[in-house]
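Below: one structure, written as structure tokens.
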Amino acid sequence: MLDTITITFRKYRHVAVGLLAFFTAYFLTSKLDTILIWFKVQSYSGYEDVISKLQDFLTIALSVFIESFPFLLLGTLISILVQRYISVELFRKLLPKRWLPRRLIMSFLGVFLPVCECGNVPLARSLMNRGASPGDALTFLLAAPILNPLVLLTTWQAFRFEESIVIGRFLAGFLIANLVAILVTTLLRNRNIVTDDFAKSCLVDDPHSHGASGFAQNFTVELWPMLKMLAFGAVIAAAVQMFVPRETLASVGADPFLGIITMILLGFIISICSNVDAFFALAFARTFTPGALTAFLVSGPMVDIKMVALLKTTFTTRAIILICSLVFSLSLLSGIIINQVIR
Amino acid sequence: MKFINKSYLVLTTIILANLVTVKLYFENNLTLYIHPRYVLFTMIMNCISLVIAGVFIVTMIAKKVHTTPNNLSLGRPSIVALLLACLVVAGLIFPARSLSSTSVSQRTITTNIDGEPACPDIDEQSPPKEFQDWDRLLNNCDEPLKYQGRSVLLEGFVYDSHGLNTEDSFSLARFKISCCAVDAQPMLLTIAEQDWSSRFKANQWLHVEGSVQPKWVNGKLTAVIEPKSVKPIPQPQDPYDFLKF
């Protein structure tokens, strides 16, 4: 009997230690207030501020994670459906062979999938898995968060008093997505764009992926790398938000040129969903120029901290750096043009 | 055998990540992190994910799966995976909290503009009720006498800013949210109250009843709230104002 207990304990000792650690942590946190009071008496006055900062950091990190997670789940589900029910042959038949109409279709694919930008990453992976070129997938990835009906509606609602921002966002979004895809594929050649691991996974079909358990297995394998990177992006976005005061950014708002750079930076840091970012930008309408607001609305959905982390699952570091630099520069250019046009 | 251990770990982490949202929902705390418009969608997707991960784990146990095709690698254990596990465990064990006044100073104080006049007349049929309504009216309008005498009922927390607060006035703050806590923007309204610092402390939630009055604050004539009563209250269930659209 004793032997059986000993063997069982040895077998499951990791689980036992894990559970013990979990319940100890839970007990300590349930008594957090008491512990804080004790520390407050024993410690210095700045302690409360540090605790408050840490709590806000956790709240922001969790909010990015909880808000983006369902979109990532939806994107993963759609991407698995694409992989399972659209064969490579059918995909080739569906897409035009000529470059221009194919890129046009990729640019407006977001019209049928109005989800947040992070949900588009698994879908872009499945498009490449079905035979789309990295350039096609990149066009979709950059254009879809802007060129979709939900984003059009919310942008119009927020900026109906300044039509140039609405038109500028969609025009610049379309042009930048296509230009970046062309430049990245030209400068890096197709094989240096995606990571080796992802390229290999596109070459092999999974023989065990049939039935409900196969679906569940595909789902887990697709979701896992992106879930990890989403958590990473959420933590970095929260850390940057806690340590870079927005006041610093807003102080240069009035300058037409620096204002555009500031809003592009803010879009990168804030990692907000493209469906509602127009309402966030609205709050800056008094401080910043229309060009700066447009640059924020174009650049933010294409690349932000959370997206860079997710892109890392599929694209090479070199490609990501190039994508970010091109999106930033072209957004800056679009902001300058809009400021010139409506002056 | 190694894969099976890792698969269980991966599936457990995914399930725990789903449970963070489910736990917050049943505690009525999900809106401390996301806008209410996302709650239904978030819950549906998390439940679907729970079912799928559950199916996988049950199948693995039932079929005694010990391996997986090589091309379906789950990757090597990494710091990033550990970070995910820490975030998920922290979400499960730490009590849910809204943003504190520490974040007010981190974020630009901005006011809304939506193409309408800066000082609109108040619609008597639907007078301003929420904090964001008064923020829009009082902080956008350059005419401090425009809303003089209007009754105000507000709930917010004390923002202890040395630059803004004086001996006889302090800032009442509340966050407004358009998507999730990451885009929370602070709104501030000035409350004229003698000797406030001895009665209230930073972060304390207050119920303020009073009227709008012009007053000289920091050398500028400002529309402030002259309270009839100021009562400390516990933090409300919805501490944020959610942007309406």
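Just to be sure before I move on: is B:Ala181 over 29 Å from B:Gln194 (Cβ atoms) and modelled with pLDDT under 75 in the structure I sent? Break it down stepwise before answering.
Numbers: over 29 Å from B:Gln194 (Cβ atoms): yes; modelled with pLDDT under 75: no.
In short, no.
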Within segment A:48-77, the residues that are surrounded by fewer than 18 Cβ atoms within 10 Å (Cβ to Cβ) and β-branched (Val, Ile, Thr) are A:Val50, A:Ile51
Does A:Ala281 satisfy the criteria of being over 23 Å from A:Ser107 (Cβ atoms), touching a Phe, Trp or Tyr at 6+ places or on another chain (Cβ under 6 Å), in the same structural domain as A:Gly110 (by TED's automatic domain parsing) and of a type in the set (A, V, I, L, M)?
no
Just to be sure, is A:Phe91 aromatic (Phe, Trp, Tyr), assigned to a helix (DSSP H, G or I) and in contact with a Gly (Cβ under 7 Å, 6 or more places away or on another chain)?
yes
By residue number, the members of segment B:132-163 that are surrounded by fewer than 18 Cβ atoms within 10 Å (Cβ to Cβ) and assigned to a loop (DSSP other than H, G, I, E, B) are B:Cys141, B:Asp142, B:Glu143, B:Leu145, B:Gln148, B:Gly149, B:Ser161, B:His162, B:Gly163
The helices (runs of 4 or more DSSP H) lying entirely within segment A:281-343 that contain at least 1 residues which are of a type in the set (Ser, Thr, Tyr) and either surrounded by fewer than 24 Cβ atoms within 10 Å (Cβ to Cβ) or on the phi > 0 side of the Ramachandran plot (or both) are A:317-341
Residues satisfying the stated conditions in segment A:117-175, i.e. modelled with pLDDT under 90, in contact with a Gly (Cβ under 9 Å, 6 or more places away or on another chain) and not in a helix (DSSP H, G or I):
A:Asn148, A:Phe159, A:Arg160, A:Phe161, A:Glu162
List the pairs whose first member sits in segment B:138-153 and is touching a residue at least 12 places away in the same chain (Cβ under 8 Å), whose second member is surrounded by fewer than 18 Cβ atoms within 10 Å (Cβ to Cβ) and assigned to a loop (DSSP other than H, G, I, E, B), and whose Cβ atoms are under 6 Å apart, counting only residues at least 6 apart or on separate chains?
B:Asn140/B:Ala118; B:Cys141/B:Ala118; B:Cys141/B:Cys119; B:Glu143/B:Cys119; B:Lys146/B:Cys119
Name every residue in segment A:53-100 that is aromatic (Phe, Trp, Tyr) and within 12 Å of chain B (Cβ to nearest Cβ), in order of residue number.
A:Phe57, A:Phe65, A:Phe69, A:Phe71
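Mind listing whichever residues of segment A:193-213 are more than 14 Å from chain B (Cβ to nearest Cβ) and either in a loop (DSSP other than H, G, I, E, B) or modelled with pLDDT under 85 (or both)?
A:Ile193
The values are calculated or read from the model by the stated rules, or taken from the named source; none is laboratory data. None of these values were measured; they are calculated from a predicted model. Virtual Cβ from ideal backbone geometry, glycine too; neighbours counted across all protein chains shown.
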